[in-house]
Structures are given as C-alpha cells and as structure tokens.
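A.B. asks: Provided herewith is a single structure, encoded as structure tokens, for subsequent inquiry.
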Amino acid sequence: MAVDRSAHDHTRVQEFFGVRAADWDSRFPDDGPAYAAAVGEMGLRPGDAVLDAGCGTGRALEPLRATVGPTGVVLGVDLTPEMLHRARLAGRDRSGRLLLADVARLPLTDGSLDAVFGAGLISHLPDPAENLRELARVVRPGGRLALFHPVGRAALAARQGRRITDDDLRAEPNLRPLLAGSGWRMTSYVDEDDRFLALAARQERFPGS
C-alpha cells in the first residue's frame, strides 16, 4: 500500500506548531522590527496583492498591510489551526484575511498575486522544489518572493544546538538553483547574525515550459 508522505508531513508540522502556538509570540517578542524591515525590502506598492505563506501567528500581516495600503490584498495562509487562532486573538486578522490551507495546494488562481512572503518557511516544506513552484504559480511574472528568518543560519543553528551542514537548503549555493528550477530568479541574498533574507523574482516562464 502506498504511503501518503504529504499527509505525514502535514501531521508533523501541525503537531510541532500546534503545541507551540500559545506562547509563540512571547518566545520571540523582539522580532517585529525585523519583519517590518524585510517587508520593506520587497518592493511592494499600494494596491498590491500579497500572500504570507505559512503565516503562523501573523507577525508579517501588519507591515504587509501598511505597505500595500487599504486598496491592497493581504492573505495569510497556514496549515496549523492553533497558529491562526493566536493570530486572530492578537487582532492580526484586521490586517489580512486568514486561511487554513496548505502552501503546496493554494486555493488561488494562477498569477493572482504580486508577491509572497515566507518567514521560516522553506525548512518546513515537504517538497521544496514543487512547493516553491506552487508559490510561483500564483504570482504574476516579475512578482516577488521573500524568504525570511529574523536570525541568520549560523545564529539559528547555535540556538538549536546544531551545526550548519552542506545540504542546508538556505545556503546560497543550494537555494539559488532550487529557486531557478522552481520558477524564480534570486535577486539578492543576505545571511547575517540578525537576519536571513533571500529575495527572488518570478520568471516569465517556468523552466521547461
């Protein structure tokens, strides 16, 4: 009998974040300015439509709304109900519409967005190449992708008591071709102690199309 790997991965992600949702924001109380700064580098304009993919408790929603303004569209998608519940309790649903959905199968039409923001996203994707391709599907050609973390790779590894390995997806030599094969062109890459931010533009055509 075939094993549904995606269902296993979804359950693992939901279990991991579900038990951490209640105190997630209090564990990282000083990350707000880093989120706002990352959003500010995306090149968003008033009226743009933007998705926070794997939005968690919605810490990016307020700066996203402030950037695209009242005429823009802000969506937050997450797989974990408890995270979305905390986002609503914090009032962040006033900044964007929250959806319980899988970033691997987004309930959005092709090319309907101008940009995607993903904080801490890539390490939790069950199939990074296909999942990044799905994000590219819903973004117009030339639209932007921001892969962000409020601390860099070395600082995060130290926090988790591990070492960075050569197969780290966020390492530039790995991430650049991964993005290129998934419909994106990396435009900038920053990996410093106090932030990680990779920006990419949606290619005009998917590779092989």
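The values are calculated or read from the model by the stated rules, or taken from the named source; none is laboratory data. Given the structure is predicted, the values throughout are model-derived calculations rather than measurements. Every residue, glycine among them, receives a Cβ derived from its backbone with ideal geometry; neighbour counts consider all protein chains shown. Accessible surface is based on the protein model in full, side chains and every heavy atom, while ligands, DNA and RNA are left aside. Shrake-Rupley method; radii C 1.70, N 1.55, O 1.52, S 1.80 Å.
A.B. asks: Tell me, please, whether a residue that is in contact with a Ser or Thr (Cβ under 7 Å, 6 or more places away or on another chain), hydrophobic (A, V, I, L, M, F, W, C) and more than 25 Å from A34 (Cβ to Cβ) can be found in region 163-183.
C.D. replies: Scanning region 163-183, I find no residue that is in contact with a Ser or Thr (Cβ under 7 Å, 6 or more places away or on another chain), hydrophobic (A, V, I, L, M, F, W, C) and more than 25 Å from A34 (Cβ to Cβ), so the answer is no.
A.B. asks: Return the residue satisfying two criteria in turn: it lies in region 79-90 and is at pLDDT below 95 and not hydrophobic (A, V, I, L, M, F, W, C), and of such residues it is surrounded by the most Cβ atoms within 10 Å (Cβ to Cβ).
C.D. replies: Once the filter is applied, the top-ranked residue is T80.
A.B. asks: Right, next: Taking the criterion of being out of contact with any Asp or Glu (no Cβ under 9 Å at 6 or more places or on another chain), open to solvent by 60 Å² or more (accessible area, probe 1.4 Å) and farther than 20 Å from V190 by Cβ, would at least one residue in region 145-159 satisfy it?
C.D. replies: No, region 145-159 contains no residue that is out of contact with any Asp or Glu (no Cβ under 9 Å at 6 or more places or on another chain), open to solvent by 60 Å² or more (accessible area, probe 1.4 Å) and farther than 20 Å from V190 by Cβ.
A.B. asks: Looking at A66, A53, A104, A60, can you tell me which residue is modelled with pLDDT under 95 and surrounded by 15 or more Cβ atoms within 10 Å (Cβ to Cβ)?
C.D. replies: A104
A.B. asks: Here's another thing I want to ask about it. Of the conditions (1) within 17 Å of the chain's Cα centre (by Cα); (2) under 28 Å from R45 (Cβ atoms); (3) surrounded by 19 or more Cβ atoms within 10 Å (Cβ to Cβ), G72 fails just one. Which one is it?
C.D. replies: Result: G72 fails condition (1) only.
A.B. asks: If you don't mind, there's one more thing I want to ask. For the subset of region 133-168 comprising residues that are among the β-branched types (V, I, T) and at pLDDT 95 or above, which member is nearest to E204 (Cα to Cα)?
C.D. replies: V139
Here is a yes/no grid of residues against (1) at pLDDT 95 or above; (2) surrounded by 12 or more Cβ atoms within 10 Å (Cβ to Cβ); (3) small (G, A, S); (4) under 19 Å from T80 (Cβ atoms):
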position	(1), (2), (3), (4)
R170	no, yes, no, no
E192	no, yes, no, no
A200	yes, yes, yes, no
G208	no, no, yes, no
